[in-house]
Amino acid sequence: MHRFLFSLSIALIASSPITAQKTNPEDVAFIKQLYNKALTESSAYPWLYDMCTKIGGRMSGSQQAADAVIYTKSMLDTIHLSNVYLQSCMVPHWVRNNSKDKEVNEHGRTGDDLTFMINSKTNISLDILSLGNSVGTGAKAIQAQVIEVDSFKQLEKLGSKVKGKIVFFNHPMDPTQINTFSAYGEAVSRRVYGASEAAKYGALAVVVRSMTNKLDDYPHTGVMIYKDSSLKIPAVAISTNGAEKLSELIKKYPESKLYYRTLCAMLPDVESYNVVGEIKGSEFPNEIITVGGHLDSWDPAQGAQDDGAGCMQSMGVLQLFAKMGYKPKHTIRCVLFMNEENGGAGGRKYAQEVLRKGEKQIVAIESDEGGFTPRGFSFEAEGAEGDARFASLEQKLLPYFEPYRLYFKKGGSGSDIGPLRDQKTLLIGFVPDSQRYFDYHHASTDTIEAVSKRELELGTAAMASLIYLLDKKGF
Ligand SMILES: [Zn+2]
């Protein structure tokens, strides 16, 4: 921006009636400069572009995840930080295609296969992805009748009627929820625990409708968890169009069978890493403010929104401070957590290391809701103490965000920073607009094309601004 226009805009912001008494002009100007630099000089988008197009999906334990560790560390090495290092952790190694089981089946397919068999001549194949951590059927497929249910309650009512059958959870995400994460939260137990619930009644496998409001042909994978390790049955996600189709077919041909073959498998754990970079604090080097996202992603796509965006924004925050020559009072640290998607090993390891090293983790911010237009921040606030801290932060810091139209709310933060909860850390979630997140989430559509460079940069600037204020003013 032209120098004159820049000073004029600062003057306008500083003298507006809303912010006049509540903000310090020097901080207002610094924040504007963080935004200016993020929108003109940030490397967040080119980094994301490279990681998405040259490495791609980064399942825990995969070669791509290992490549992403090396890539992001080498990029952090270019931005002149005090310290860049790797933090080792063991992670699960689940694979979608276990090569030992590859074999052409009677439908001429070599991979996973879900086919509704109307009669010996008419088969309808449906789009699926195995759910992460699921066992596969192996080369030997399951062929069984399929029963559709909406909920665990309905499953319980059917009880032993599902024995020897495949259970199809066909519950759409509620489109009337304005925050799409609320609709996801309400629906997702079917994906996570559906196999365990159905196995209790003797079901052979489950099919789960994808967690998205959008009707399309892309299945969305995601984690599933076995509650009882002795009752493991396979689980797949079906696309939303596929779910509508399967539901129609079941009504029309209730006696027909579903052919179900999946080749996924869980292999032994492997060593992986969190990637860490930091600018040492000048006054309180042992007091840490962390910003992070998770480096692993699901495999069908590039993991651009989930959560390449959050990683690059977090690296971008440190890059902005380095470019501004900012000397923080507290240590500002960027952490790219490994294994958020199917285990959370990186988040747990990070919290253990903070304790082991005797550091004081004062604040942690996570960006794991995509790189969409920033809306604000969500602060974890427990009890009267939490409420009072939130009220004070809102009064002191929110006026700085009025020009950028951001809000503060009480709520959740992020799953990687969750293990820090016991250490009384102030936990904050970055909140971007949620309307399109589940169009891409865990599906093959989550590619670099799904990310807007400008929206991504605005998120970097928003997080850097909040960290600057927390570092300078305390909380
Ligand atoms: Zn994520």
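The values are calculated or read from the model by the stated rules, or taken from the named source; none is laboratory data. Predicted model only: the values in this text are computed from it and were never measured. A quick note on method: Cβ atoms are made from the backbone with ideal geometry, for glycine too, and the neighbour counts reach across all protein chains shown.
Just a few scattered comments:
- Note on the stretch 419-444: residues that are in a loop (DSSP other than H, G, I, E, B), basic (Lys, Arg) and away from the ligand (no atom under 16 Å from the Cβ) total 1.
- Single unsatisfied condition, residue 132 versus (1) over 25 Å from residue 252 (Cβ atoms); (2) surrounded by 12 or more Cβ atoms within 10 Å (Cβ to Cβ); (3) out of contact with any Lys or Arg (no Cβ under 9 Å at 6 or more places or on another chain); (4) at pLDDT 95 or above: (3)
- Looking across the stretch 365-404, the residues that are of a type in the set (Phe, Trp, Tyr) and either part of a helix (DSSP H, G or I) or over 25 Å from residue 280 (Cα atoms) (or both) come down to 372, 390, 400, 401, 404.
- Criterion (under 14 Å from residue 417 (Cα atoms) and touching a Phe, Trp or Tyr at 6+ places or on another chain (Cβ under 9 Å)) met by exactly one of 321, 337: 337
- Scoring residue 416 on the criteria (1) more than 22 Å from residue 178 (Cα to Cα); (2) part of a helix (DSSP H, G or I); (3) in contact with a Phe, Trp or Tyr (Cβ under 6 Å, 6 or more places away or on another chain) leaves a single failure, condition (2).
- Taking helices (runs of 4 or more DSSP H) as the structural unit, those lying wholly within the stretch 1-101 and holding at least 3 residues that are modelled with pLDDT of 95 or more correspond to 25-41, 44-50, 63-77.
- Residue among 370, 376 that is within 16 Å of the ligand (Cβ to nearest atom), surrounded by 18 or more Cβ atoms within 10 Å (Cβ to Cβ) and under 25 Å from the mean Cα position of the chain (by Cα): 370
- Cross-chain or 6+ apart pairs with Cβ under 9 Å, the stretch 180-206 first and closer than 18 Å to residue 157 by Cβ, then modelled with pLDDT under 95 and of a type in the set (Asp, Glu): 196/228; 199/228; 200/228
- Among residues of the stretch 243-259, those that are outside any loop (DSSP other than H, G, I, E, B) and among the aromatic types (Phe, Trp, Tyr), counted: 1
- Subset of the stretch 125-139 [within 16 Å of residue 59 (Cα to Cα) and not hydrophobic (A, V, I, L, M, F, W, C)]: 130, 132, 133, 134
- Residues satisfying the stated conditions in the stretch 445-460, i.e. within 16 Å of the ligand (Cβ to nearest atom) and either at pLDDT below 95 or buried (at least 24 other Cβ atoms within 10 Å of the Cβ) (or both): 446, 451, 456, 459
- Given (1) of a type in the set (Ser, Thr, Tyr); (2) surrounded by fewer than 19 Cβ atoms within 10 Å (Cβ to Cβ); (3) away from the ligand (no atom under 16 Å from the Cβ), number of the condition residue 415 does not satisfy: (3)
- Test: residue in the stretch 400-412 that is closer than 30 Å to residue 36 by Cα and within 16 Å of the ligand (Cβ to nearest atom): yes
- For the stretch 386-397, a tally of residues being touching a strand residue (DSSP E or B) at 6+ places or on another chain (Cβ under 6 Å) and surrounded by fewer than 18 Cβ atoms within 10 Å (Cβ to Cβ) returns 1.
- Filter pass, residue 335 being of a type in the set (A, V, I, L, M) and surrounded by 24 or more Cβ atoms within 10 Å (Cβ to Cβ): yes
- Once the stretch 28-54 is narrowed to residues that are of a type in the set (Ser, Thr, Tyr) and surrounded by fewer than 24 Cβ atoms within 10 Å (Cβ to Cβ), the residue that is nearest to residue 301 (Cα to Cα) is 53.
- Looking across 309, 304, 265, 322, one residue alone is in contact with a Leu (Cβ under 7 Å, 6 or more places away or on another chain) and surrounded by fewer than 22 Cβ atoms within 10 Å (Cβ to Cβ). It is 322.
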